[in-house]
Amino acid sequence: MRGSLGKVPIYLFHMTIPLYITVFYLAINLIAFLIMFWDKRKSVKPGEERISEGMMFFLASSFGAFGVCTGMFFFRHKTRKWYFLLGIPLLIIENISLAYVIYLLLSDKLYT
């Protein structure tokens with residue numbers, strides 16, 4: 001089994017996605033979701049050190065937008081901030097677009 005990571009393909013919209021990319025995507029979104037939970041818990045207690053909004057947007061822009069968006073509505077956190085309501089869905093579109101471009105680059109379909 002050594003060296004088999006990434007050998008099991010996942011099929012999505014006629015694209016073959018390697019397993020290690022899927023694991024990375026799921027991990028970063030789980031981390032983003034848990035950070036939204038952690039910051040929501042910290043927001044209840046006054047004076048607690050919190051996660052900055054910039055860090056949340058950084059996680060969202062680095063393929064964690066779905067986790068941040070899910071955490072926003074699941075925990076009702078940052079849902080009154082207009083820049084989260086507008087920015088996170090736009091970052092989901094950016095994540096999907098960038099993932100598709102990376103797929104094209106890795107499969108050499110961009111230049112054919």
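What follows is calculated from the coordinates using simple rules that are stated; it is not laboratory data. Predicted, not measured: the structure shown is a model, and the values here were computed from it. Cβ sites come from the backbone with ideal geometry, for glycine too, and all protein chains shown count toward neighbours.
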Please sort 96-107, 55-66, 32-43 by packing, taking for each peptide the average over its residues of neighbouring beta carbons within 10 angstrom, highest first. 55-66, 32-43, 96-107
Nearest 0.05, what FRET efficiency do V23 and R80 give at R0 = 25 Å with Cβ-Cβ as r? 0.15
Amide H neighbours of I17 at under 5 Å, excluding residues fewer than 5 places away on the same chain, with H built from the backbone geometry, are I10, Y11, L12
Work through the residues other than L34 whose Cβ is under 14 Å from its Cβ and net out their charges, Lys, Arg +1 and Asp, Glu -1. +2
Filter the trypsin sites (Lys or Arg not before Pro) in the range 72-110 down to the DSSP loop ones having no more than 12 other Cβ atoms within 10 Å, then list what survives. R76, R80, K109
Report the label-to-label distance for F58 and S43 in nanometres (one decimal), using points 7 Å from each Cα along the Cα→Cβ vector. 2.0
For a footprinting-style exposure proxy, rank T79, T70 by other Cβ within 10 Å, fewest first. T79, T70
Contour minus Cα-Cα distance for T70 and L34 (0.36 nm per residue): 11.9 nm
Could you go through the range 42-53 in sequence order and give the Karplus-derived ³J(HN,Hα) for each residue, using 6.51 cos²θ - 1.76 cosθ + 1.60 with θ = phi - 60°, rounded to whole Hz, and x for Gly and Pro? 6, 6, 6, 8, x, x, 6, 6, 10, 7, 6, 5
